[in-house]
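Here the structure is laid out as C-alpha coordinates; the discussion comes afterwards.
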Amino acid sequence: MTQRILALCALLILMLAAVACRQDPAATTETPGEATPPPATVPPVVSTNTPIPPSPTPLPPLAATVNGALILLSDYEHELARYEAANAAAGVEPAADYREQVLNALIERELILQEAAAQGVTVTPEQVEERLTELRTESGEAGAFDTWLQENSWTEETFRAALAAEMVAGEMAARVTANVPTTAEQVRARYIQMDDAALAQSVLERARAGDDFAFLAEQNSVDRVTGENGGDLGFFAAGGLLVPEVEAAAFALQPGEISDLVAVTGADGATVYYIVQVTEREPDRALTADARFALLQATFDAWLEGLWTNATIERFAP
(Lines give C-alpha, C1' and ligand atoms only; values in the text may rest on other atoms or scores of the structure.)
Protein backbone atom coordinates (compact mmCIF):
# COMPACT_ATOMS: atom_id res chain seq x y z
CA MET A 1 0.00 0.00 0.00
CA THR A 2 2.85 2.43 0.85
CA GLN A 3 4.50 1.80 -2.54
CA ARG A 4 1.22 2.55 -4.29
CA ILE A 5 0.89 5.86 -2.41
CA LEU A 6 4.48 6.85 -3.22
CA ALA A 7 3.92 6.02 -6.90
CA LEU A 8 0.80 8.19 -6.99
CA CYS A 9 2.70 11.05 -5.34
CA ALA A 10 5.50 10.74 -7.91
CA LEU A 11 2.94 10.75 -10.73
CA LEU A 12 1.34 13.88 -9.25
CA ILE A 13 4.74 15.65 -9.19
CA LEU A 14 5.39 14.71 -12.82
CA MET A 15 1.96 16.01 -13.84
CA LEU A 16 2.58 19.30 -12.06
CA ALA A 17 5.96 19.61 -13.78
CA ALA A 18 4.34 18.96 -17.14
CA VAL A 19 1.80 21.69 -16.47
CA ALA A 20 4.65 24.11 -15.67
CA CYS A 21 6.41 23.21 -18.95
CA ARG A 22 3.28 24.02 -20.94
CA GLN A 23 3.41 27.72 -20.00
CA ASP A 24 3.34 30.45 -22.72
CA PRO A 25 6.67 30.15 -24.66
CA ALA A 26 7.03 33.93 -24.74
CA ALA A 27 7.08 34.01 -21.02
CA THR A 28 9.93 31.54 -20.82
CA THR A 29 12.20 32.83 -23.60
CA GLU A 30 15.76 33.20 -22.39
CA THR A 31 17.61 36.51 -22.85
CA PRO A 32 21.27 36.03 -23.81
CA GLY A 33 23.48 36.68 -20.82
CA GLU A 34 20.66 36.28 -18.30
CA ALA A 35 20.32 33.28 -16.05
CA THR A 36 17.17 31.28 -16.36
CA PRO A 37 15.28 31.50 -13.05
CA PRO A 38 14.40 28.21 -11.36
CA PRO A 39 10.83 27.07 -11.75
CA ALA A 40 8.47 28.23 -9.06
CA THR A 41 7.99 25.81 -6.15
CA VAL A 42 4.56 24.21 -6.23
CA PRO A 43 2.91 24.53 -2.82
CA PRO A 44 1.72 21.27 -1.32
CA VAL A 45 -1.89 20.37 -2.01
CA VAL A 46 -3.91 20.20 1.20
CA SER A 47 -7.10 18.19 0.99
CA THR A 48 -10.17 19.92 2.30
CA ASN A 49 -12.28 16.75 2.01
CA THR A 50 -10.73 14.64 4.77
CA PRO A 51 -13.61 12.60 6.22
CA ILE A 52 -14.36 13.09 9.91
CA PRO A 53 -14.03 9.77 11.74
CA PRO A 54 -17.47 8.58 12.77
CA SER A 55 -18.26 8.66 16.47
CA PRO A 56 -18.24 5.17 17.99
CA THR A 57 -21.70 3.74 18.48
CA PRO A 58 -22.44 3.85 22.20
CA LEU A 59 -22.75 0.43 23.79
CA PRO A 60 -26.06 -0.57 25.38
CA PRO A 61 -25.99 -1.01 29.17
CA LEU A 62 -24.07 -4.17 30.04
CA ALA A 63 -24.28 -6.74 32.79
CA ALA A 64 -20.93 -8.32 31.93
CA THR A 65 -18.45 -9.11 29.19
CA VAL A 66 -17.02 -12.59 28.62
CA ASN A 67 -13.86 -12.68 26.52
CA GLY A 68 -15.17 -9.54 24.84
CA ALA A 69 -18.67 -10.89 24.21
CA LEU A 70 -21.47 -8.76 25.66
CA ILE A 71 -24.11 -9.82 28.15
CA LEU A 72 -26.74 -7.10 27.98
CA LEU A 73 -28.20 -5.64 31.14
CA SER A 74 -31.67 -6.08 29.64
CA ASP A 75 -31.10 -9.84 29.23
CA TYR A 76 -29.84 -10.10 32.78
CA GLU A 77 -32.86 -8.21 34.11
CA HIS A 78 -35.22 -10.51 32.19
CA GLU A 79 -33.55 -13.55 33.74
CA LEU A 80 -33.79 -11.97 37.19
CA ALA A 81 -37.50 -11.34 36.67
CA ARG A 82 -38.06 -14.95 35.60
CA TYR A 83 -36.13 -16.24 38.61
CA GLU A 84 -38.09 -14.06 41.00
CA ALA A 85 -41.42 -15.00 39.43
CA ALA A 86 -40.62 -18.72 39.61
CA ASN A 87 -39.72 -18.48 43.29
CA ALA A 88 -42.83 -16.45 44.04
CA ALA A 89 -45.02 -19.00 42.27
CA ALA A 90 -43.42 -21.81 44.29
CA GLY A 91 -43.68 -19.83 47.54
CA VAL A 92 -39.89 -19.98 47.96
CA GLU A 93 -37.75 -17.13 49.26
CA PRO A 94 -34.93 -16.33 46.78
CA ALA A 95 -31.39 -17.06 47.93
CA ALA A 96 -29.53 -14.10 49.37
CA ASP A 97 -27.05 -14.13 46.48
CA TYR A 98 -29.54 -14.97 43.73
CA ARG A 99 -28.55 -11.95 41.62
CA GLU A 100 -24.98 -13.22 41.50
CA GLN A 101 -26.22 -16.74 40.75
CA VAL A 102 -28.28 -15.51 37.79
CA LEU A 103 -25.37 -13.53 36.37
CA ASN A 104 -23.03 -16.49 36.86
CA ALA A 105 -25.45 -18.70 34.94
CA LEU A 106 -25.44 -16.27 32.01
CA ILE A 107 -21.65 -16.07 32.09
CA GLU A 108 -21.33 -19.85 32.17
CA ARG A 109 -23.72 -20.21 29.24
CA GLU A 110 -21.61 -17.77 27.25
CA LEU A 111 -18.40 -19.62 28.16
CA ILE A 112 -19.91 -22.91 27.01
CA LEU A 113 -21.22 -21.40 23.75
CA GLN A 114 -17.82 -19.89 23.00
CA GLU A 115 -16.06 -23.22 23.55
CA ALA A 116 -18.72 -24.97 21.47
CA ALA A 117 -18.12 -22.52 18.62
CA ALA A 118 -14.37 -23.16 18.86
CA GLN A 119 -15.04 -26.89 18.50
CA GLY A 120 -17.59 -26.46 15.72
CA VAL A 121 -20.52 -27.68 17.81
CA THR A 122 -23.84 -26.25 16.60
CA VAL A 123 -27.50 -27.13 16.39
CA THR A 124 -29.59 -26.57 13.27
CA PRO A 125 -32.88 -24.65 13.13
CA GLU A 126 -34.53 -27.96 12.24
CA GLN A 127 -33.23 -29.57 15.43
CA VAL A 128 -34.48 -26.64 17.50
CA GLU A 129 -37.87 -26.84 15.80
CA GLU A 130 -38.06 -30.56 16.48
CA ARG A 131 -37.31 -30.05 20.15
CA LEU A 132 -39.81 -27.19 20.35
CA THR A 133 -42.48 -29.46 18.87
CA GLU A 134 -41.71 -32.08 21.50
CA LEU A 135 -42.10 -29.50 24.26
CA ARG A 136 -45.43 -28.36 22.86
CA THR A 137 -46.62 -31.97 22.78
CA GLU A 138 -45.40 -32.65 26.33
CA SER A 139 -47.21 -29.56 27.62
CA GLY A 140 -50.57 -31.22 26.97
CA GLU A 141 -53.60 -29.36 25.73
CA ALA A 142 -53.41 -26.90 22.87
CA GLY A 143 -52.29 -23.45 23.88
CA ALA A 144 -50.79 -24.56 27.19
CA PHE A 145 -47.24 -24.05 25.99
CA ASP A 146 -47.95 -20.56 24.63
CA THR A 147 -49.56 -19.67 27.95
CA TRP A 148 -46.45 -20.89 29.75
CA LEU A 149 -44.27 -18.73 27.51
CA GLN A 150 -46.32 -15.65 28.31
CA GLU A 151 -46.38 -16.34 32.04
CA ASN A 152 -42.59 -16.63 32.04
CA SER A 153 -41.95 -13.52 29.92
CA TRP A 154 -40.74 -15.45 26.87
CA THR A 155 -41.45 -14.64 23.28
CA GLU A 156 -41.16 -17.54 20.86
CA GLU A 157 -38.07 -15.91 19.37
CA THR A 158 -36.24 -15.47 22.68
CA PHE A 159 -37.25 -18.95 23.80
CA ARG A 160 -35.91 -20.48 20.58
CA ALA A 161 -32.58 -18.77 21.17
CA ALA A 162 -32.44 -19.99 24.76
CA LEU A 163 -33.46 -23.49 23.69
CA ALA A 164 -30.72 -23.58 21.06
CA ALA A 165 -28.17 -22.50 23.67
CA GLU A 166 -29.30 -25.21 26.05
CA MET A 167 -29.12 -27.84 23.30
CA VAL A 168 -25.56 -26.80 22.48
CA ALA A 169 -24.67 -26.92 26.19
CA GLY A 170 -26.14 -30.41 26.40
CA GLU A 171 -24.04 -31.57 23.46
CA MET A 172 -20.91 -30.10 25.06
CA ALA A 173 -21.71 -31.85 28.36
CA ALA A 174 -22.10 -35.14 26.48
CA ARG A 175 -18.72 -34.64 24.82
CA VAL A 176 -16.93 -33.66 28.00
CA THR A 177 -18.27 -36.65 29.95
CA ALA A 178 -18.13 -39.19 27.11
CA ASN A 179 -15.25 -41.08 28.72
CA VAL A 180 -16.63 -41.21 32.26
CA PRO A 181 -16.64 -44.93 33.10
CA THR A 182 -19.57 -47.01 34.31
CA THR A 183 -17.32 -49.03 36.63
CA ALA A 184 -14.52 -48.11 39.02
CA GLU A 185 -12.35 -49.44 41.80
CA GLN A 186 -14.42 -49.34 44.98
CA VAL A 187 -14.00 -50.21 48.63
CA ARG A 188 -16.53 -51.06 51.27
CA ALA A 189 -15.65 -49.53 54.60
CA ARG A 190 -17.03 -48.70 58.00
CA TYR A 191 -15.97 -46.01 60.39
CA ILE A 192 -16.34 -44.67 63.90
CA GLN A 193 -16.67 -40.90 64.27
CA MET A 194 -15.83 -39.26 67.62
CA ASP A 195 -15.25 -35.76 68.92
CA ASP A 196 -13.08 -36.68 71.94
CA ALA A 197 -9.38 -37.40 71.33
CA ALA A 198 -8.88 -39.57 74.43
CA LEU A 199 -11.97 -41.66 73.69
CA ALA A 200 -10.91 -42.05 70.07
CA GLN A 201 -7.47 -43.35 71.10
CA SER A 202 -9.04 -45.80 73.52
CA VAL A 203 -11.49 -47.11 70.91
CA LEU A 204 -8.67 -47.49 68.37
CA GLU A 205 -6.67 -49.62 70.81
CA ARG A 206 -9.71 -51.81 71.50
CA ALA A 207 -10.40 -52.26 67.77
CA ARG A 208 -6.81 -53.28 67.11
CA ALA A 209 -6.91 -55.64 70.09
CA GLY A 210 -9.74 -57.53 68.41
CA ASP A 211 -12.94 -56.00 69.80
CA ASP A 212 -15.82 -56.14 67.32
CA PHE A 213 -15.61 -53.02 65.13
CA ALA A 214 -19.36 -52.88 64.47
CA PHE A 215 -20.10 -53.04 68.19
CA LEU A 216 -17.59 -50.25 68.88
CA ALA A 217 -19.26 -48.10 66.21
CA GLU A 218 -22.72 -48.71 67.64
CA GLN A 219 -21.52 -47.73 71.11
CA ASN A 220 -19.25 -44.77 70.36
CA SER A 221 -19.86 -43.17 66.95
CA VAL A 222 -21.47 -39.73 67.04
CA ASP A 223 -22.73 -40.39 63.51
CA ARG A 224 -25.88 -42.21 64.55
CA VAL A 225 -27.05 -42.86 60.97
CA THR A 226 -24.09 -45.16 60.29
CA GLY A 227 -23.37 -45.96 63.92
CA GLU A 228 -26.60 -47.88 64.33
CA ASN A 229 -25.55 -49.96 61.33
CA GLY A 230 -22.09 -50.78 62.67
CA GLY A 231 -20.52 -47.77 60.95
CA ASP A 232 -21.07 -49.26 57.48
CA LEU A 233 -20.52 -46.78 54.62
CA GLY A 234 -21.24 -49.29 51.84
CA PHE A 235 -19.22 -49.39 48.64
CA PHE A 236 -17.85 -46.14 47.25
CA ALA A 237 -15.43 -45.01 44.54
CA ALA A 238 -12.87 -42.23 44.74
CA GLY A 239 -14.71 -38.95 45.16
CA GLY A 240 -17.70 -40.65 46.74
CA LEU A 241 -17.29 -39.48 50.35
CA LEU A 242 -17.88 -36.04 51.79
CA VAL A 243 -14.74 -36.22 53.97
CA PRO A 244 -11.68 -36.61 51.70
CA GLU A 245 -9.42 -37.61 54.59
CA VAL A 246 -11.64 -40.58 55.44
CA GLU A 247 -11.78 -41.60 51.78
CA ALA A 248 -7.99 -41.42 51.45
CA ALA A 249 -7.56 -43.55 54.58
CA ALA A 250 -9.99 -46.16 53.24
CA PHE A 251 -8.29 -46.48 49.86
CA ALA A 252 -4.93 -46.95 51.61
CA LEU A 253 -6.22 -50.08 53.40
CA GLN A 254 -6.72 -53.70 52.42
CA PRO A 255 -9.72 -55.71 53.68
CA GLY A 256 -9.53 -56.27 57.42
CA GLU A 257 -7.03 -53.48 58.06
CA ILE A 258 -7.75 -50.60 60.45
CA SER A 259 -6.47 -47.07 59.96
CA ASP A 260 -4.67 -44.83 62.41
CA LEU A 261 -6.70 -42.01 63.94
CA VAL A 262 -7.79 -39.61 61.22
CA ALA A 263 -8.09 -36.11 62.72
CA VAL A 264 -10.05 -33.55 60.70
CA THR A 265 -10.39 -29.94 61.85
CA GLY A 266 -13.44 -28.15 60.51
CA ALA A 267 -14.03 -24.50 59.62
CA ASP A 268 -15.35 -23.92 63.14
CA GLY A 269 -12.04 -25.06 64.63
CA ALA A 270 -13.48 -28.26 66.12
CA THR A 271 -11.57 -31.48 65.50
CA VAL A 272 -13.34 -34.73 64.67
CA TYR A 273 -11.63 -38.13 64.91
CA TYR A 274 -12.28 -41.11 62.66
CA ILE A 275 -11.26 -44.75 62.71
CA VAL A 276 -11.71 -46.56 59.39
CA GLN A 277 -11.82 -50.25 58.57
CA VAL A 278 -12.07 -51.68 55.04
CA THR A 279 -14.16 -54.84 54.76
CA GLU A 280 -14.18 -55.41 50.96
CA ARG A 281 -12.37 -54.13 47.90
CA GLU A 282 -13.29 -54.58 44.23
CA PRO A 283 -11.08 -53.31 41.37
CA ASP A 284 -13.89 -52.97 38.81
CA ARG A 285 -17.32 -52.63 40.39
CA ALA A 286 -20.34 -51.12 38.60
CA LEU A 287 -21.16 -47.62 39.77
CA THR A 288 -24.60 -46.95 41.16
CA ALA A 289 -26.72 -44.41 39.30
CA ASP A 290 -26.09 -41.81 42.02
CA ALA A 291 -22.35 -42.49 42.07
CA ARG A 292 -22.04 -42.21 38.30
CA PHE A 293 -24.10 -39.02 38.25
CA ALA A 294 -21.76 -37.55 40.86
CA LEU A 295 -18.78 -38.53 38.73
CA LEU A 296 -20.36 -37.03 35.60
CA GLN A 297 -21.08 -33.81 37.49
CA ALA A 298 -17.56 -33.64 38.91
CA THR A 299 -16.05 -34.16 35.44
CA PHE A 300 -18.21 -31.44 33.88
CA ASP A 301 -17.58 -29.04 36.78
CA ALA A 302 -13.82 -29.49 36.42
CA TRP A 303 -14.05 -28.70 32.69
CA LEU A 304 -16.22 -25.67 33.36
CA GLU A 305 -13.82 -24.45 36.05
CA GLY A 306 -11.09 -24.49 33.41
CA LEU A 307 -13.19 -22.22 31.19
CA TRP A 308 -13.70 -19.80 34.07
CA THR A 309 -10.00 -19.79 34.93
CA ASN A 310 -8.89 -18.98 31.38
CA ALA A 311 -11.58 -16.38 30.65
CA THR A 312 -11.46 -12.62 30.83
CA ILE A 313 -14.65 -11.51 32.55
CA GLU A 314 -15.85 -8.06 33.53
CA ARG A 315 -18.94 -7.58 35.68
CA PHE A 316 -21.06 -4.46 35.68
CA ALA A 317 -24.39 -5.58 37.12
CA PRO A 318 -24.98 -5.25 40.88
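The values are calculated or read from the model by the stated rules, or taken from the named source; none is laboratory data. In this text, all values refer to a predicted model and were calculated from it rather than measured experimentally. Virtual Cβ from ideal backbone geometry, glycine too; neighbours counted across all protein chains shown. Ligands, DNA and RNA are excluded from the accessible area calculation, which covers all protein heavy atoms including side chains. Shrake-Rupley method; radii C 1.70, N 1.55, O 1.52, S 1.80 Å.
Miscellaneous remarks
- Matching residues, the stretch 137-164, being polar (S, T, N, Q), assigned to a helix (DSSP H, G or I) and over 25 Å from Val66 (Cα atoms): Thr137, Thr147, Gln150
- Residue match in the stretch 254-268 (condition: surrounded by fewer than 18 Cβ atoms within 10 Å (Cβ to Cβ), closer than 30 Å to Asn179 by Cα and either touching a strand residue (DSSP E or B) at 6+ places or on another chain (Cβ under 7 Å) or not basic (Lys, Arg) (or both)): yes
- Looking across the stretch 114-130, the residues that are open to solvent by 80 Å² or more (accessible area, probe 1.4 Å) and either in contact with a His (Cβ under 7 Å, 6 or more places away or on another chain) or farther than 25 Å from Trp303 by Cα (or both) come down to Pro125, Glu126, Gln127, Glu130.
- Checked against the criterion of being surrounded by 13 or more Cβ atoms within 10 Å (Cβ to Cβ) and modelled with pLDDT under 95, the candidates Leu295, Leu287 yield just one match: Leu295.
- Count of residues meeting criterion [of a type in the set (Lys, Arg) and either closer than 17 Å to Thr265 by Cβ or open to solvent by less than 60 Å² (accessible area, probe 1.4 Å) (or both)] in the stretch 194-250: 0
- Residue under evaluation Phe159, criteria (1) free of Cβ contacts under 8 Å to residues at least 40 places away in the same chain; (2) open to solvent by 40 Å² or more (accessible area, probe 1.4 Å), criterion not met: (2)
- If the condition is being part of a loop (DSSP other than H, G, I, E, B), among the aliphatic types (A, V, I, L, M) and within 24 Å of Ile313 (Cβ to Cβ), then the stretch 105-136 contributes only Val121.
- Pick from the stretch 59-113, criterion among the hydroxyl-bearing types (Ser, Thr, Tyr) and surrounded by 13 or more Cβ atoms within 10 Å (Cβ to Cβ), ranking: nearest to Gln150 (Cα to Cα): Tyr83
- Selection within the stretch 132-153 - of a type in the set (Phe, Trp, Tyr) and either more than 25 Å from Glu84 (Cα to Cα) or in contact (Cβ under 8 Å) with a residue 40 or more places away in the chain (or both): none
- When Leu8 is tested against (1) open to solvent by 80 Å² or more (accessible area, probe 1.4 Å); (2) at pLDDT 50 or above, exactly one condition is not met: (2).
- Filtering Ala267, Ala198, Ala207, Ala238 for residues that are at pLDDT below 95 and over 29 Å from Ala289 (Cα atoms) leaves a single hit, Ala267.
- The helices (runs of 4 or more DSSP H) falling completely within the stretch 174-287 that include 1 or more residues that are free of Cβ contacts under 8 Å to residues at least 60 places away in the same chain and farther than 28 Å from Thr299 by Cβ map to 197-208, 213-220, 224-227.
- For Met167, the criteria (1) more than 30 Å from Gln114 (Cα to Cα); (2) part of a helix (DSSP H, G or I); (3) under 24 Å from the mean Cα position of the chain (by Cα) hold in every case but one, which is (1).
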